[in-house]
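What follows is a short report on a single structure.
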Amino acid sequence: MKFKYYLRGAGVGLIVAAVILMIAFSKHNKKLTDDDIIKRAEELGMVMVDDIDNGSREQDENNPEDDTPDNENPGEELPDDETPDDNNDDANDDANDDNYEPDQEVSFQIRNGEFSDVISNHLFELGLIDDPVKFNDWLIQHRYDGELCTGTFMIPVNSSYEEIVAILMNNN
């Protein structure tokens with residue numbers, strides 16, 4: 001046989017295959033709506049910001065052990081110039097005297113799928129750490145970022161990084 005017949009047959013075969021695939025994939029063209037995407041993301045474990053806010057409010061309402069009044073939030077009580085810092089002992093003394101009892105603990109929850117940067121930001125919002133970026137870098141440097149457990153933890157106010165990590169790694 002001649003070469004041109006082989007070439008013609010291959011070309012016709014490619015065209016027929018392309019037409020069949022176009023027909024097959026035209027029926028699979030399902031458009032996803034925003035609601036479908038959000039629903040699928042929640043099924044895979046994504047936590048929405050609204051869910052975090054509602055979850056913390058429900059937890060506060062359902063936790064009778066919490067002796068702090070509703071208007072007292074440890075992360076918001078300190079003025080900007082008196083935020084606790086490891087290098088500033090005067091700021092820590094002021095925070096202890098004005099807003100915190102020495103044995104006060106803060107309830108903290110880690111949900112499934114939260115990364116160390118999200119956890120660091122939540123700890124900062126509660127006033128348990130001084131800098132979320134510094135704490136996250138410290139976690140990564142010591143390779144604790146993948147060892148944190150999910151659950152609800154009671155963390156004493158003014159705990160060191162080591163003490164906080166020891167509590168968050170405890171699976172009990």
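The values are calculated or read from the model by the stated rules, or taken from the named source; none is laboratory data. Small disclaimer: the values here were computed from a predicted structure and weren't measured. So basically every Cβ, Gly included, is an ideal-geometry build from the backbone, and we count neighbours across all protein chains shown.
Tallying residues that are of a type outside the set (Val, Ile, Thr) and in contact (Cβ under 8 Å) with a residue 40 or more places away in the chain within the stretch 132-172 yields 6. The single condition among (1) under 19 Å from ILE155 (Cα atoms); (2) modelled with pLDDT under 50; (3) within 28 Å of the chain's Cα centre (by Cα) that LEU123 does not satisfy is (2). Taking the stretch 119-149 as the region of interest, how many residues are surrounded by fewer than 18 Cβ atoms within 10 Å (Cβ to Cβ) and farther than 24 Å from GLN104 by Cβ? Adding up the residues that qualify gives 8. The single condition among (1) modelled with pLDDT under 55; (2) part of a helix (DSSP H, G or I); (3) loosely packed, with under 11 Cβ neighbours inside 10 Å that ASN96 does not meet is (3).
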